[in-house]
Amino acid sequence: MNTKKVMLITGATSGIGKALAEFYYKKNFKLILTGSSEEKIEKLSKKFKKNTLLICADLTQSKDIRGIVDQSIKKFKKIDILIANAGLYEPDKIINGNPERWESVIKVNVISVFRLINLVLPHMKKNKFGDIAITSSISGHQAIHWEPIYSASKHAIQSFAHGLRTQVSKYNIRVMSIAP
């Protein structure tokens, strides 16, 4: 395993992101792990000590997204792999739902992915290499009637991944969406 690879994982404090962080930490990857909870980031800091940068960030804030990339490049000089995994789930019914919550879902599940990738791509292009994996969902392939906002966010990610893949393949950057 190439221990010189630098991997950024958003949503690394729980679920899929945490499992990926644990797996790649054992493989000696250099890791940038983000999450929105100071408490959960603090817990990770006890487990992930060497070659790791832990960042608490609010992905609804563009300055926090920029901060992730700036801190990552400052510490590791590059980002080889981006796993855009952070996400919010929203099962609201539209008729009595909470539009503010919907906006947060779209900001985290869609807009933050766009912004983060936009900031990471110049570094990958410069290095002539990159892997980008975006966590999607079965809801990105089929609208689920009890979660229309979440489904819409994952449909957006599916479309984005397909378009992005076409644009960046000439730079040896691979793009995939994963629907667990």
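The values are calculated or read from the model by the stated rules, or taken from the named source; none is laboratory data. Please read these numbers as outputs of a predicted model, since none were measured by experiment. As a convention, Cβ positions derive from the backbone with ideal geometry for all residues, glycine included, and neighbour counts pool all protein chains shown. Surface accessibility is based on the protein's heavy atoms, side chains included, excluding ligands, DNA and RNA. Shrake-Rupley method; radii C 1.70, N 1.55, O 1.52, S 1.80 Å.
Miscellaneous remarks
- Test set (1) open to solvent by 20 Å² or more (accessible area, probe 1.4 Å); (2) among the charged types (D, E, K, R); (3) within 22 Å of Lys154 (Cβ to Cβ) - Glu90 fails condition number: (1)
- Against the test of being touching a Pro at 6+ places or on another chain (Cβ under 9 Å), among the hydrophobic types (A, V, I, L, M, F, W, C) and crowded, with 20+ Cβ neighbours inside 10 Å, the options Ile138, Ile149, Ile134 yield a single qualifying residue, Ile149.
- Looking across the stretch 119-142, the residues that are closer than 12 Å to Phe160 by Cα and outside any strand (DSSP E or B) come down to Ser136, Gly140.
- As a summary of the residue check, Ile16 satisfies the conditions (1) modelled with pLDDT of 95 or more; (2) under 26 Å from Val110 (Cβ atoms); (3) open to solvent by less than 30 Å² (accessible area, probe 1.4 Å) except for the one numbered (3).
- Tally of residues being open to solvent by less than 40 Å² (accessible area, probe 1.4 Å) and not in a loop (DSSP other than H, G, I, E, B) across the stretch 65-79: 7
- Qualifying residue in the stretch 80-96 (condition: in contact with a helix residue (DSSP H, G or I) (Cβ under 7 Å, 6 or more places away or on another chain) and in a helix (DSSP H, G or I)): no
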